[in-house]
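First the structure, in the form of structure tokens, and then the observations on it.
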Amino acid sequence: MRAIAPRLLALSLFAACSAHAATTTPPPTPKHEVKDTLGGAPIVDAYRWLENPDGDGVAKWIEAQNAYTEATIGKAPLGKELTARIRELAITSTTRSSPELAGGTLFYFENTPPQPQPVLVAKAWPDGPVRTLVDLNKGDGNTAITEYWPSPSGRYLAYGTAEGGSELTTIHILDTQTGKALGDALAWAGGGTTPQALAWDADEKGVTYARFDAPTKDKPLKEFDAYLAHHVIGQAQDKDTVVFGKGYSPIAEYILLEGNGGKATALLANEGDGGSAEVFLREGNGAFKKVLGHEADVRSAHWVGDHLYVVTFAGAPRGKIVAFDAAGKQSDVLPQGEGAIQRVTPIGSGFLVVRSAGPDWWADQYDAKAAFVRRLPLPATGITIGGVAAEKGQDKALITYGGWTQPTRWAEYDGASGSLKTVFEVKPAADYSKVHVSRIEGTSKDGTKIPVTVISMDGITPNGKRPTILYSYGGFDIPVTPSFIGPSLAWLERGGVLAYANIRGGNEYGEQWHEQGQGTRKQNVFDDFFSASQALIDNKWTDTKHLGILGGSNGGLLMGASLTQHPEQFRAVVAMVGIYDIARHETAFANGPYNKSEYGSVKDPAVAKAMRAYGPLYNVKKGTAYPSVLLTTGANDPRVAPWQSRKFAAALQDASTSGNPVLLLTRMNAGHGIGAPFSQRVGNAALSMTFFANELGLGE
């Protein structure tokens with residue numbers, strides 16, 4: 001259940017709800033109690049009937065909840081003003097993302113707001129004309145490109161598409177010289193937690209890709225047991241041959257990395273999401289041979305020249321690099337150093353290493369003998385380094401980066417001279433030069449120091465009651481990074497404050513930082529977040545009457561645990577596509593088993609006991625004064641079941657005595673937020689900010 005970004009994730013409230021009559025009270029929710037046990041303690045599930053979207057009364061209940069949300073948000077006085085400003089700020093100049101170099105051609109996504117979806121383009125690197133290859137913006141904009149893979153020479157391009165937020169992928173192939181699509185359409189090619197994966201043959205006549213079994217009349221689609229198949233271009237998909245993975249794991253995930261022009265292929269194979277990978281290699285179209293097991297704690301790898309450079313955290317919590325030739329012979333490359341390794345890419349005869357320490361990111365260059373050359377001349381703080389596009393033997397690489405006040409920028413880095421030249425930058429829709437970024441620190445329950453970045457406008461100083469939104473994530477090895485605040489400027493302009501916490505569960509400080517937020521240690525994540533919120537209060541930025549918290553997906557679980565453990569600490573909570581019934585996530589939803597490597601399994605008594613202690617749904621207490629809550633979910637979400645939000649909303653509405661609203665919005669043509677069109681992203685940003693503005697007293 002990989003993360004979703006904190007900003008711009010969803011569906012216009014008014015588009016979703018306008019057909020329903022307004023109401024001013026929460027709709028009643030019948031209770032049909034089911035008794036169960038978890039962690040040795042009894043639990044009562046009064047809302048299990050809400051798990052079935054086709055069950056009696058569920059559709060009408062969802063409609064009534066949407067109507068209640070519409071009526072409540074519709075009364076917020078700043079709604080129209082904030083929506084207009086957010087849309088204005090979201091319409092920047094053309095943006096670019098996800099660059100890849102292949103055969104001297106640069107491929108990337110290009111999007112010109114308010115265009116619904118990015119367009120996939122190509123150009124001869126560095127100065128060729130831009131050519132559009134794939135544009136899916138006709139129609140309603142709900143078909144998204146999920147990933148793309150150029151062939152080694154750049155002559156062909158494979159790309160995946162998915163509909164309506166479902167993420168279930170079909171791979172297509174086109175000729176980049178003619179722009180014409182080939183007849184190949186590879187269905188069932190991953191989706192949701194199971195990532196898409198593809199590698200080209202050296203002769204570019206076939207591909208190896210990840211897929212599920214095709215459904216039949218008697219056997220519906222199961223998004224389990226993914227394997228790797230080989231497809232010959234021009235042949236029917238049913239003639240594809242299995243090359244790896246049948247029987248490997250029912251929750252298998254794969255990353256394929258082609259090296260040496262497709263003459264060698266690396267495979268990183270995971271059992272579930274959040275754990276370490278096993279590493280396999282093959283030469284040509286031979287069999288995959290394992291060269292590293294789970295004990296190596298591998299998280300990423302990249303081909304550098306003719307060797308696969310693997311980042312391993314075994315005995316090195318910040319990561320070290322080992323190399324393999326195509327035959328599987330191992331050698332040491334780089335020991336653990338300063339900062340956690342985030343990625344490795346080639347440049348010239350050497351390589352670049354991107355590192356982080358909390359919210360700070362940087363990149364170091366090494367030569368062919370792994371001797372340090374220089375640190376790249378990027379800003380020392382306040383940025384995140386994104387994709388790095390480079391090809392074997394070339395001294396120049398394309399570095400992408402951005403930060404809190406800096407939208408995406410691309411720079412050409414010359415590894416020979418050390419020069420860095422900006423070649424593209426997004427022009428924002430407003431002036432961000434007066435945005436002030438500072439840093440404070442929280443102290444978690446066990447003494448761990450938690451960095452908190454605080455963002456405000458110049459002149460906005462701590463007065464003990466600034467309307468403040470605190471965001472974090474806390475899981476799956478995913479860091480909270482300095483990302484462009486974009487439309488959130490609308491919050492700052494009115495005197496509000498934004499804060500971002502680097503809590504455990506991410507990998508900002510390396511794999512140990514991640515592991516301390518997994519399984520039975522998940523409570524560390526919630527303690528870290530509470531300490532970040534307390535730091536904002538102790539430093540006089542805000543108080544409990546003006547503090548809101550925001551999170552999505554695994555961050556939705558963070559929101560649920562935070563508001564049930566500390567209901568008095570927060571005035572308002574926005575939780576998007578979150579997990580609240582943690583045990584049922586594993587046992588009653590297809591994606592749940594994939595997350596056992598992160599959360600642990602309810603079959604483990606110690607894990608079940610921990611889940612019982614922190615699980616949000618199990619800790620909703622009748623007669624508690626809960627903060628104002630807005631939950632959002634998508635009917636097509638393949639990563640977190642929408643019934644998670646339904647059950648949690650019903651429980652909170654029944655239990656709370658504060659009189660504060662508990663709202664639920666279900667997006668009917670959306671999923672987890674991945675691939676959402678522009679209008680949905682802007683609509684959700686406006687929804688969340690309007691809710692927070694009304695509850696936290698923005699501008700008062």
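The values are calculated or read from the model by the stated rules, or taken from the named source; none is laboratory data. Quick caveat: nothing in here was measured; it's all calculated off a predicted structure. Reconstructed Cβ throughout: ideal geometry from the backbone, glycine too, with neighbour counts over all protein chains shown.
Data overview
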item	result
For Gly506: the one exception among (1) over 16 Å from the mean Cα position of the chain (by Cα); (2) crowded, with 24+ Cβ neighbours inside 10 Å	(1)
Those strands (runs of 3 or more DSSP E) lying entirely in the range 372-467 with at least 2 residues at pLDDT 95 or above and not assigned by TED's automatic domain parsing to the domain that holds Arg85	372-375, 383-389, 396-403, 409-414, 420-425
Among residues of the range 311-337, those that are touching a strand residue (DSSP E or B) at 6+ places or on another chain (Cβ under 7 Å) and either in contact (Cβ under 8 Å) with a residue 60 or more places away in the chain or closer than 19 Å to Trp362 by Cα (or both), counted	10
The range 279-300, subset of a type in the set (A, V, I, L, M, F, W, C) and in a loop (DSSP other than H, G, I, E, B), residue surrounded by the most Cβ atoms within 10 Å (Cβ to Cβ)	Phe288
Tally, over the range 212-248, of residues that are at positive phi and of a type in the set (Ser, Thr, Tyr)	0
Hey, Lys246 of a type in the set (D, E, K, R), touching a residue at least 24 places away in the same chain (Cβ under 8 Å) and surrounded by fewer than 16 Cβ atoms within 10 Å (Cβ to Cβ) or not	no
In the range 255-287, the residues that are within 18 Å of Leu198 (Cβ to Cβ) and in contact (Cβ under 8 Å) with a residue 60 or more places away in the chain	Ile255, Glu258, Gly259, Asn260, Gly261, Gly262, Lys263, Ala264, Thr265, Asn270, Gly284, Asn285
Pairs, first under 24 Å from Lys123 (Cα atoms) in the range 87-101, second of a type in the set (Asp, Glu) and outside any strand (DSSP E or B), C-beta under 7 Å, six or more apart	Leu101/Glu391
The listed residue being within 19 Å of Pro26 (Cα to Cα), out of contact with any Phe, Trp or Tyr (no Cβ under 7 Å at 6 or more places or on another chain) and crowded, with 19+ Cβ neighbours inside 10 Å, out of Thr92, Thr69, Thr83	Thr69
Only listed residue being modelled with pLDDT of 95 or more, more than 29 Å from the chain's Cα centre (by Cα) and basic (Lys, Arg), chosen from Lys75, Lys60	Lys60
Looking only at the range 171-188, and only at residues there that are buried (at least 18 other Cβ atoms within 10 Å of the Cβ) and within 22 Å of Gly141 (Cβ to Cβ), the one that is nearest to the chain's Cα centre (by Cα)	Ile171
Scan of the range 144-153 for residues that are crowded, with 19+ Cβ neighbours inside 10 Å and either on the phi > 0 side of the Ramachandran plot or part of a strand (DSSP E or B) (or both), ordered by number	Ala144, Ile145, Thr146, Tyr148, Trp149, Pro150
Some residue of the range 576-595 being among the hydrophobic types (A, V, I, L, M, F, W, C), in the same structural domain as Val662 (by TED's automatic domain parsing) and assigned to a strand (DSSP E or B)	yes
When residues of the range 154-167 are limited to those that are free of Cβ contacts under 8 Å to residues at least 60 places away in the same chain and not in a strand (DSSP E or B), the one farthest from the chain's Cα centre (by Cα)	Arg155
Residues of the range 383-407 that turn out to be more than 21 Å from Gly259 (Cα to Cα) and either surrounded by fewer than 18 Cβ atoms within 10 Å (Cβ to Cβ) or among the hydrophobic types (A, V, I, L, M, F, W, C) (or both), as a count	3
Test: residue in the range 677-698 that is farther than 25 Å from Thr161 by Cβ, surrounded by 24 or more Cβ atoms within 10 Å (Cβ to Cβ), in contact (Cβ under 8 Å) with a residue 40 or more places away in the chain and among the charged types (D, E, K, R)	yes
Residue match in the range 630-639 (condition: out of contact with any strand residue (DSSP E or B) (no Cβ under 6 Å at 6 or more places or on another chain) and hydroxyl-bearing (Ser, Thr, Tyr))	no
Qualifying residues in the range 326-376 (those that are among the charged types (D, E, K, R) and either closer than 16 Å to Tyr413 by Cβ or in contact with a Leu (Cβ under 8 Å, 6 or more places away or on another chain) (or both)) - the one surrounded by the fewest Cβ atoms within 10 Å (Cβ to Cβ)	Arg374
Candidate set: the range 520-548, residues that are over 17 Å from Phe692 (Cα atoms) and either in a loop (DSSP other than H, G, I, E, B) or outside the structural domain of Met611 (by TED's automatic domain parsing) (or both); chosen: the one nearest to the chain's Cα centre (by Cα)	Lys522
Index of the failed condition, Tyr594 passing every other in (1) surrounded by fewer than 23 Cβ atoms within 10 Å (Cβ to Cβ); (2) touching a residue at least 40 places away in the same chain (Cβ under 8 Å); (3) farther than 19 Å from Phe648 by Cβ	(1)
Test for Glu598: is it assigned to a helix (DSSP H, G or I), acidic (Asp, Glu) and either farther than 22 Å from Val44 by Cα or not assigned by TED's automatic domain parsing to the domain that holds His546 (or both)	yes
